[in-house]
Every structure is written in C-alpha cells, then in structure tokens.
Amino acid sequence: MSPGPPDEEVLERAAAGIGGARRVVVLTGAGVSAESGVPTFRGPDGLWKSHRPEELATPGAFARDPRLVWEWYQWRRDLVGGCAPNPGHRAIARLQAGRPDTVLVTQNVDGLHAMAARETGAEGARILELHGSLFRVRCARCPWRAGRREAVDATSEASLPRCPECGALVRPDVVWFGEGLDREVLEGAFHAGREADVCVVVGTSAVVQPAASIPLATLEGGGVLIEVNPERTPLSPLAMATIRAGAGEVLPCLLRA
Ligand code: OAD
C-alpha cells in the first residue's frame with residue numbers, strides 16, 4: 001500500500017507544525033478506514049468501480065427501488081460492523097483527548113472515529129460526520145431519525161423498516177448525491193476550518209464538494225495544510241507537507257505531540 005517509508009524530514013517538520021499549532025482541524029476520507037478493511041470509493045477496488053452511485057445513492061434510486069438500496073446499505077453495514085478502528089483512528093482520538101479543541105471533520109459514514117474516541121477516553125471529542133452515518137436511519141418523509149445498529153431485512157419491500165411517526169419507509173441517514181448537507185454540521189466544519197492554523201487532511205481524494213473546500217478555508221484564514229495520502233490529490237500542491245503513506249502507519253508518529 002505504502003509507496004516506501006515516508007521522508008523523515010518531512011514527517012518531523014509536519015509533526016512540529018502540529019505540535020506548535022494553536023488550533024488543529026483534521027479532515028478525513030475513506031482512506032483513513034482502508035487499513036480497517038473498509039473499501040474506499042474511488043481507486044482500483046473502490047465501491048464506485050463496481051456499483052453505480054445513481055442506482056444506489058440518490059433519492060431517485062430509493063424512490064424507484066428501496067429494497068435494492070437497503071440491500072446494498074445492509075451489505076455495507078455488515079461489512080463495516082465487522083471492522084475495528086486502526087492505529088490511524090486511534091491516533092486522531094488521542095490527539096482529541098489531549099487537545100479537546102481539535103475538531104475532526106469526516107466524510108466517512110462508518111462510525112469508526114467515534115468508536116476509537118470511546119475506546120481512547122475521548123468521548124467528548126468533536127466529530128462532525130459530514131455525510132451522515134450507516135448506523136443511523138431517518139424517515140423518507142417526516143423529520144424522524146434514530147440510531148439503528150440492528151440489521152435491516154431487505155428481502156422484500158414489505159420487510160423494510162417503517163417510520164414509527166408517519167408510517168413512511170425509513171432510509172439510511174446518509175447524504176446521497178443531489179442532496180444538501182446538514183447546515184449546522186457544515187457551518188461547524190467550515191468554522192473549524194477557518195479557525196485552524198493547521199488542517200491535517202487524511203485519506204481523501206479531495207474531489208467531493210463541499211468537503212474538499214474545508215482545507216481551503218484554513219488556507220484563506222492564514223493556516224497551513226498537512227496531507228497524509230499514498231496518492232497525489234488536488235490539495236497536494238497546496239500543502240506545506242505531504243506524507244505519502246498509509247494513515248495507520250504514519251498518524252501515530254505524526255500526531256504524537
Ligand atoms: P475516495 O475513495 O475518493 O478516496 C480515498 C483516498 O484515500 C484516495 O485519495 C486514496 O489515495 C487514499 N488512501 C487509500 N488508502 C489509504 C491509506 N491507507 N491511508 C491514507 N489514505 C489512503 O474517498 P473520499 O475522498 O472519502 O460520499 O470520498 C469522498 C466521498 O465520495 C465519500 O464520502 C462518498 C463518496 O461518494 C458520499 O457518499 C456522499
């Protein structure tokens with residue numbers, strides 16, 4: 001996975017930058033969970049290589065075939081349910097435990113950051129889940145929403161869960177293509193981006209908006225970017241340090257301060 005050991009000098013410079021920062025924001029994407037066994041979206045084995053997003057992750061797809069959409073989401077819930085946080089998630093949780101004003105903004109819906117925070121004693125950590133969670137559901141019609149880890153039976157449309165308030169179908173509480181993000185969560189994320197003097201960007205291809213613009217808010221506020229990703233991204237040329245390594249491999253060292 002890793003393209004060779006990361007450059008020690010770059011790593012030291014980046015670690016010193018984080019250690020000396022007044023305020024840190026961390027933005028993560030699917031790559032931070034890759035070493036836990038959760039598939040990413042793009043890349044050779046990515047979810048969007050074998051599944052068409054417009055058939056599975058849009059409000060139109062759910063209206064057309066809710067059973068198919070739930071079958072796919074239950075498959076992902078099963079897959080993620082068997083995964084555990086890796087050293088990368090735990091290093092971020094330790095950073096948040098030690099520096100409680102650190103905000104973590106994640107595009108991931110796998111809940112592994114929250115699990116790592118609980119395991120690390122960082123329960124109060126501020127984790128903004130921009131794209132929702134696989135383990136929450138909401139009504140497709142009314143404002144009802146709730147946590148749900150219990151499996152969804154997607155054998156037929158009749159077996160799908162229904163809203164206890166209005167009887168409409170219940171859907172995953174994740175953001176689908178063509179939908180807006182939760183306003184409060186988004187404002188919190190951009191505020192954290194602007195306030196930070198260091199934004200650590202981990203495991204995201206940085207092509208999905210508005211998430212990819214949060215690091216730009218840090219730059220506009222006079223802060224710097226540090227990127228952890230085995231591959232180059234559109235943010236790489238803007239970063240003061242780019243660490244070409246896996247998150248689980250390098251974050252424990254990078255965030256030790
Ligand atoms: P992507 O699949 O687009 O990108 C994953 C990134 O992780 C790539 O840049 C990889 O190089 C990098 N990567 C792979 N292994 C890594 C490792 N071990 N350590 C660090 N980085 C690694 O995933 P995202 O950028 O998260 O949205 O995708 C953003 C959004 O697109 C997702 O939240 C999802 C998707 O459509 C929705 O579903 C709304």
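Could you list, in sequence order, the residues of the stretch 15-73 that are touching a residue at least 12 places away in the same chain (Cβ under 8 Å), charged (D, E, K, R) and within 12 Å of the ligand (Cβ to nearest atom)? Result: Glu35, Arg42, Glu54. Screening Arg244, Arg232, Arg256 for residues that are within 9 Å of the ligand (Cβ to nearest atom), open to solvent by 30 Å² or more (accessible area, probe 1.4 Å) and not hydroxyl-bearing (Ser, Thr, Tyr) leaves exactly one candidate, Arg232.
Of the residues making up the stretch 194-216, those that are within 16 Å of the ligand (Cβ to nearest atom) and not hydrophobic (A, V, I, L, M, F, W, C) are Gly203, Thr204, Ser205, Gln209, Pro210, Ser213, Pro215. Under the condition of being surrounded by fewer than 19 Cβ atoms within 10 Å (Cβ to Cβ) and among the aromatic types (Phe, Trp, Tyr), the residues counted in the stretch 152-189 number 1.
Here is a yes/no grid of residues against (1) closer than 16 Å to Val10 by Cβ; (2) without any contact (Cβ under 8 Å) to a residue 60 or more places away in the chain; (3) among the aromatic types (Phe, Trp, Tyr):
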| residue | (1), (2), (3) |
| --- | --- |
| Glu187 | no, yes, no |
| Phe190 | no, yes, yes |
| Gln209 | no, yes, no |
| Ile214 | no, no, no |
| Ala217 | no, yes, no |
| Leu238 | yes, yes, no |
| Ile243 | yes, no, no |
| Glu249 | yes, no, no |
| Leu255 | yes, no, no |
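The condition (being out of contact with any strand residue (DSSP E or B) (no Cβ under 7 Å at 6 or more places or on another chain) and open to solvent by less than 20 Å² (accessible area, probe 1.4 Å)) is satisfied by just one residue among Ala34, Ala15: Ala15. Here Pro100 meets each of (1) open to solvent by less than 50 Å² (accessible area, probe 1.4 Å); (2) part of a loop (DSSP other than H, G, I, E, B); (3) at negative phi with one exception, condition (1). The condition of being closer than 23 Å to Pro252 by Cβ and either part of a helix (DSSP H, G or I) or of a type in the set (S, T, N, Q) (or both) holds for only one of Val105, Val26, Val10, that being Val10.
The condition of being open to solvent by 40 Å² or more (accessible area, probe 1.4 Å), modelled with pLDDT of 95 or more and more than 23 Å from Ala168 (Cβ to Cβ) holds for Ala84. Quick check on Ala63: is it of a type in the set (Gly, Ala, Ser), at pLDDT 95 or above and open to solvent by 50 Å² or more (accessible area, probe 1.4 Å)? The answer is yes for Ala63. Residues of the stretch 112-125 include at least one that is surrounded by 24 or more Cβ atoms within 10 Å (Cβ to Cβ), within 14 Å of the ligand (Cβ to nearest atom) and closer than 24 Å to Arg183 by Cβ.
The values are calculated or read from the model by the stated rules, or taken from the named source; none is laboratory data. The structure displayed is predicted, hence computed values, not measured ones. Backbone-built Cβ (ideal geometry, glycine too); neighbour counts: all protein chains shown. The area values use the complete protein model at the heavy-atom level, side chains included, leaving out ligands, DNA and RNA. Shrake-Rupley method; radii C 1.70, N 1.55, O 1.52, S 1.80 Å.
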